[in-house]
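Working notes for the structure below.
The values are calculated or read from the model by the stated rules, or taken from the named source; none is laboratory data. Everything numeric here is computed off the predicted structure, so don't read it as measured data. Cβ placement follows ideal geometry from the backbone for every residue including glycine, while neighbour counts extend to all protein chains displayed. Note: areas computed on protein heavy atoms with side chains; ligands, DNA, RNA excluded. Shrake-Rupley method; radii C 1.70, N 1.55, O 1.52, S 1.80 Å.
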Amino acid sequence: IDLKTRTLYLPIWEDMTGELYDLLGGHETGHALYTPEEGWHSAIVSGQDAKGKDIVRKAFKSVLNVVEDARIEKLIKRKYPGLPRSFAAGYKNLWDRDFFGVKKLKDLSSLNLVDRINLYCKCGAFVVVPFNDEERALLREVENTETWEEVIELSNRLFDKMKESRESQLNNLEDLMRQIIEENQEATESDEDM
């Protein structure tokens, strides 16, 4: 969707079922009705470069999109009660096509939290997506968003949590490498003492 003009662009794919077309149309109509153009723009832009071009926060945009997709899909299905069936069948069709690119994974817990939330919100009716208790609480918050302001607030928290997790993983990796180096040095020193 072009949020400024509220123009919908829908793909035409081979073997496109009516349910899949309804899903895509319903999803984009949800954005047209509920996603604010100016709010979206200001949320994803962190400033301008030397040439006056907007600097887009791409990682945050991905998080924001997942939370907003969950909200607008809930709202559009509420507005048009016939859509839930089409959404379920359409997402099943996308899952079967491996649209999300995750069917070959042996363990979906290897996906980051936001990707698992996205997968659950779209395919959770027929795919088991693992969450721990803390993550499940965040998932429930995503499912319960009603306003754009809630989307922004929750997206910021999820983004911060993901950054902390990445930093923690990096620190753990650095600690592991340091430990391996120290153990190798100790082994070398003990070999030299013999």
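Round to a whole number: what % of the accessible area of the stretch 119-164 belongs to carbon and sulfur, probe 1.4 Å? Numbers along the way, then the final one.
Values: 1250 of 2470 Å².
Roughly 51 percent of what the probe reaches on the stretch 119-164 is carbon or sulfur.
As a test of reading the structure, rank 153, 68, 28, 164 by solvent-accessible area (1.4 Å probe, protein chains only), most first. Display every interim value, and only then the final one.
On the way: 153 95, 68 0, 28 40, 164 120 Å².
Putting 153, 68, 28, 164 in descending order of accessible area: 164, 153, 28, 68.
Which of the peptides 2-10, 29-37 is most tightly packed, and how do the rest follow, going by the mean number of other Cβ atoms within 10 Å of each residue?
Working: 2-10: 11.6, 29-37: 18.0.
Descending mean neighbour count gives 29-37, 2-10.
How much accessible area does residue 24 have with a 1.4 Å probe, in Å² rounded to the nearest 10?
Probe radius 1.4 Å; accessible area of residue 24 about 30 Å².
Take each of the peptides 73-82, 99-108, average the number of other beta-carbon atoms within 10 Å over its residues, and list them starting from the highest. Could the numbers behind the result be given before it?
On the way: 73-82: 15.1, 99-108: 11.4.
Packing order, densest peptide first, comes out as 73-82, 99-108.
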